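What follows is a set of notes on a single structure, which appears directly below.
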Amino acid sequence: MTDKDSSSRRRFRGLPPGPTPLPFIGNMLQVDVKELITSLRTLSKSYGPMYTFYLGSRPCVVLSGYQVLKEALIDRADEFSGRGDFPAVQMWSKGNGIVYGTGERWRQLRRFAISTFKNFGMGKRSMEERIKEEAQFLVAEFHKTQGKPFDPTFFLSCAGSNIICTLVFGDRFEYTDKKFLNLLDLINSNWKLMSSTWGQLLFTFPKILRHVPGPHRQIYKNYLKLAEFVRERIEMNQQTLDPNAPRDFIDCFLIKLQQDKNNPSTHFNEDTMLKTTVNLFFAGTETVSSTLRYGLRILMRHPEVEEKLHEEIDRVIGANRSPCMEDRSQMPYTDAVIHEIQRYADIVPMGVPHTVTRDIQFRGYHLPKDLNIIPLLCTSQFDPTQFKNPNSFDPTHFLDKQGKFKKTDAFMAFSAGKRVCLGEGLAVMELFIFLTTILQNFKLKPLMNPQDIDITPESTGLGSIPRPYQFCLIPR
Ligand code: HEM
């Protein structure tokens, strides 16, 4: 045994029990790598809500079920707020940028991004107006399909992406803009690759997989292309910047770089700006559009739910004005359906790995600083102690006996605690306004019998990917 091995053993001595690892390959023989999340959930049945699992030679603590996730992410939020290894992106991000950063740099970036977004109207009327406007562009595009079958993927990506693009680049793009569509394709491909078997293999064996040919290598190349586009946009902003009138997130970042240029300990530099902007563009694009794409498929499987949504929309909003956020308080059924879509679609099932920020005692175990934590968010979203019918799509999970909307903390689609999704407020507005506007204008027509529609995901890794489909939208 080398000195390094023995000090690492000492460091990890107090970890919770888990399946016995083998040298180099860790616990890989105890899981089906193609179904990593299912395997991790199954292991929690034997080892409990908190167990140690070795990804190769890296120990991780897996948290499973609402109770332990709450105790870690919410009750001990600061200590669990580090960012863990995410090998699919690590090669490109190198731990920089808002999503993959950690420590003081992350804290400052997060504070900066939140205050900049607020200044540009996030959570305010002006952002709501932008989303309402985009929803009308989306409906106009949908009308062009003239009731014929089509795949909604890129329409929904354009709509979702245009909201984050307005904040980050100060602009929206046309749905026919080839360059924009190409970028959306890069984001969509990366999301799918990270959720594929190759993505899961990469997550498990990063050191080996980096040297093995395969589709997973495209993830890095796609990130480089996205970064190239962002670099061009940063240059455009630089040439036209007016420090007294920032137009978007990039302008604000450029101004911050100027302000901090003589501060040697600043965390704001060009690489951080590039990576954070790519992070925001990516996170703000694929998540909302995947949820809508999944949601529309679920509604086709449950026409009785779609019918009730139409009824509520017609009663509260009518046909002559656009839906707005104020309507939501009078639309408990719609609110419940959107929450249930997010719970059931569970588009980020294992969250993004965290770390503990210092040595801590947790549930009687010693967790050393920087230990990787896998918060299996899906185990809260499908926790049978929290939802009466966890494996079925059932909007009454979010309704009380009087039919009023019922909030529950076990809903963790956006995660929880200090690293909770930074775009939650924005995403909630987008989901409500986009979905109600679509259903105000159209009825969904599947190409097969509703009961034959498979609403299980096509693959599950970083993301849960809905099966590809076509459908028709019939104007109402
Ligand atoms: C339905 C839509 C969305 C879902 C389900 C979702 C979900 C998530 C989840 C699960 C995380 C990981 C949190 C953790 O580490 O514990 C996350 C992080 C993040 N999300 Fe979202 N997200 C959505 C939309 C958005 C949007 C629209 C934006 C745009 C601003 C965004 C920006 C981010 C950022 C920047 C982070 C990293 C936060 C950090 O590390 O501090 N997300 N999101």
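The values are calculated or read from the model by the stated rules, or taken from the named source; none is laboratory data. Just so it is clear, the model here is predicted, and its values are computed rather than measured. Heads up, the Cβs are rebuilt from the backbone with ideal geometry, glycines too, and the neighbour counts pull from every protein chain shown. When the accessible area is computed, the model is the full protein with side chains, heavy atoms only, and any ligands, DNA or RNA have been set aside. Shrake-Rupley method; radii C 1.70, N 1.55, O 1.52, S 1.80 Å.
Summary table
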{"quantity": "Unit charges on C-beta of K, R, D, E only; dipole of the chain, Debye", "calculated": "1060"}
{"quantity": "Between region 9-54 and region 141-157, the Cα center-to-center distance that results, in Å", "calculated": "44"}
{"quantity": "Given K308/K407; K132/K445; K256/K418; K94/K221; K70/K192, the pairs whose alpha carbons are separated by over 22 Å", "calculated": "K132/K445; K256/K418; K70/K192"}
{"quantity": "For region 16-103, with +1 on Lys and Arg beta carbons and -1 on Asp and Glu, the positive-most of L29, Y100, Y54 along the dipole", "calculated": "L29"}
{"quantity": "Packing-based order for 268-281, 34-47, using average beta carbon neighbours within 10 Å, highest first", "calculated": "268-281, 34-47"}
{"quantity": "Cα gyration tensor, region 250-397 - rounded (a/c under 1.5), prolate or oblate", "calculated": "oblate"}
{"quantity": "Mean projected area (nm²) of the alpha-carbon convex hull when region 259-331 is viewed from all directions", "calculated": "8.5"}
{"quantity": "Pairs of alpha carbons in region 388-436 whose separation is greater than 16 Å (percent)", "calculated": "57"}
{"quantity": "Region 85-176: radius of gyration and largest Cα-Cα distance (Dmax), Å", "calculated": "17.2, 52"}
{"quantity": "Accessible carbon and sulfur surface of region 5-93 relative to its total accessible area, %, 1.4 Å", "calculated": "53"}
{"quantity": "Solvent-accessible ranking of H310, H211, largest area first, probe 1.4 Å", "calculated": "H211, H310"}
{"quantity": "Test item: Cα-centred dipole of region 258-348, Lys/Arg +1 and Asp/Glu -1 on Cβ, debye", "calculated": "180"}
{"quantity": "Region 441-476 and region 122-137: distance between their alpha carbon centers, rounded to Å", "calculated": "26"}
{"quantity": "Solvent exposure of the chain as accessible area per residue, Å², 1.4 Å probe", "calculated": "44"}
{"quantity": "With 10 Å bins from 0: P(r) over the chain, alpha-carbon pairs, percent", "calculated": "4, 19, 30, 27, 15, 4, 1, 0"}
{"quantity": "Environment charge at R419 (Cβ cut-off 10 Å; Lys +1, Arg +1, Asp -1, Glu -1)", "calculated": "+3"}
{"quantity": "Rg/Rg_ref, region 322-368, where Rg_ref = 2.2 N^0.38 Å and atoms are Cα", "calculated": "2.00"}
{"quantity": "Residue-averaged 222 nm ellipticity for the chain, from DSSP H runs of 4+ at -39500 (n - 2.57), nearest 500", "calculated": "-15500 deg cm²/dmol"}
{"quantity": "Net charge of Cβ neighbours under 14 Å - reference T116; Lys, Arg +1; Asp, Glu -1", "calculated": "+4"}
{"quantity": "Region 337-419 - convex hull of the alpha-carbon atoms, volume per residue in Å³", "calculated": "108"}
{"quantity": "Apportionment of accessible area to carbon and sulfur, region 346-476, percent (1.4 Å)", "calculated": "52"}
{"quantity": "Dipole in debye (nearest 20) - region 43-133, about Cα centre, beta carbon charges: Lys, Arg +1; Asp, Glu -1", "calculated": "240"}
